[in-house]
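Q: I have a structure I would like to understand better, so I am pasting it below and will then ask my questions one at a time.
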Amino acid sequence: MGIVSPGFSGRRRTGAPELPPGQYLTEDFPVLSAGPTPRVARDAWEFTITTEAGVRHRWDWTAFRALPAERFTVDLHCVTKWSKLGTAWEGVSLDTLFADVESTAEYALAHSYGGYTTNLPVQDLLDGQAWIAFRYDGEELNAEHGGPARLLVPHLYLWKSAKWVRGLQLLDADEPGFWETAGYHDYGDPWREQRYWGD
Ligand SMILES: Nc1nc2c(c(=O)[nH]1)N[C@H]1C(S)=C(S)[C@@H](COP(=O)(O)O)O[C@H]1N2
Ligand SMILES: [Mo]
């Protein structure tokens with residue numbers, strides 16, 4: 001279904017570029033946060049998926065960590081033009097979290113501890129394209145990069161990967177999030193350079 005499988009460290013067909021247009025490579029891992037870093041204790045953490053009918057699926061940290069997790073290696077592309085290739089993560093696939101969710105909603109709004117929001121089509125969360133990640137580079141995900149756990153949707157610009165994620169709200173109508181309301185692109189495909197509204 002997805003055009004690009006993110007599970008293969010960004011290596012596409014031979015000869016295909018590794019960097020989306022307008023991006024440069026970085027080796028370090030910049031921290032980009034719109035506000036202060038929330039400190040969420042694991043025993044106070046929860047993740048919810050709320051359907052368009054108002055049905056709420058909820059995992060506390062123990063229930064979340066009891067789910068099957070995957071290791072995956074993906075490339076990250078920030079709209080401020082840095083890209084970092086081959087980042088290694090561990091997380092729970094959204095396919096696993098959606099397994100018992102009954103919904104026909106096409107849109108999702110991700111909500112974070114601290115108030116950040118970002119929207120994306122439900123379709124972009126499924127089929128091995130998105131995770132709730134809790135380990136980075138072999139370590140527990142630190143708070144600066146979104147720990148205890150963050151959404152990771154590497155085929156879209158990184159602002160879609162909500163740090164400190166606490167829930168997904170499923171919606172019949174698209175609802176822009178924090179950066180989308182501020183003029184960033186509604187979808188944010190780095191390969192089509194969809195940085196701003198109208199791109
Ligand atoms: N909750 C939350 N998530 C967020 C952000 C934020 O400010 N708050 N910034 C976004 C942006 S613009 C980017 S580029 C990435 C940065 O992730 P990093 O700090 O781990 O590099 O997180 C995204 N997710
Ligand atoms: Mo960003």
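The values are calculated or read from the model by the stated rules, or taken from the named source; none is laboratory data. This is a predicted model, so every value here is computed, not measured. Heads up, the Cβs are rebuilt from the backbone with ideal geometry, glycines too, and the neighbour counts pull from every protein chain shown. All accessible areas refer to the heavy atoms of the entire protein, side chains included, with ligands and DNA or RNA removed. Shrake-Rupley method; radii C 1.70, N 1.55, O 1.52, S 1.80 Å.
Conditions tested, residue by residue: (1) away from ligand 2 (no atom under 13 Å from the Cβ); (2) without any contact (Cβ under 8 Å) to a residue 12 or more places away in the chain; (3) of a type in the set (Asp, Glu); (4) more than 16 Å from HIS77 (Cβ to Cβ).
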| site | (1), (2), (3), (4) |
| --- | --- |
| GLU140 | yes, yes, yes, yes |
| ALA162 | no, no, no, no |
| ARG166 | yes, no, no, yes |
| ASP174 | yes, no, yes, yes |
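Q: To continue, here is another question. Scan segment 29-50 residue by residue and report those that are acidic (Asp, Glu) and either near ligand 1 (Cβ under 10 Å from one of its atoms) or not in a loop (DSSP other than H, G, I, E, B) (or both).
A: Listed by number, the list holds a single entry, GLU46.
Q: Return the total of residues in segment 142-199 being charged (D, E, K, R), part of a loop (DSSP other than H, G, I, E, B) and open to solvent by 30 Å² or more (accessible area, probe 1.4 Å).
A: Going through segment 142-199 one residue at a time, the tally reaches 6.
Q: How many residues are part of a loop (DSSP other than H, G, I, E, B) and modelled with pLDDT of 95 or more when one looks only at segment 9-26?
A: Here the count works out to 6.
Q: Follow-up. Looking only at segment 51-82, which residues are in a loop (DSSP other than H, G, I, E, B), over 23 Å from TRP179 (Cα atoms) and in contact with a helix residue (DSSP H, G or I) (Cβ under 8 Å, 6 or more places away or on another chain)?
A: Residues satisfying the conditions are LEU67, PRO68.
Q: Hey, another quick one. Tell me, yes or no, whether segment 83-93 has at least one residue that is in contact with a His (Cβ under 8 Å, 6 or more places away or on another chain), open to solvent by less than 30 Å² (accessible area, probe 1.4 Å) and assigned to a loop (DSSP other than H, G, I, E, B).
A: no
Q: Here is a further query. Suppose the filter is over 28 Å from PRO190 (Cα atoms), touching a residue at least 40 places away in the same chain (Cβ under 8 Å) and open to solvent by less than 70 Å² (accessible area, probe 1.4 Å); does PHE64 pass it?
A: Here the answer is yes, as PHE64 does meet what is asked.
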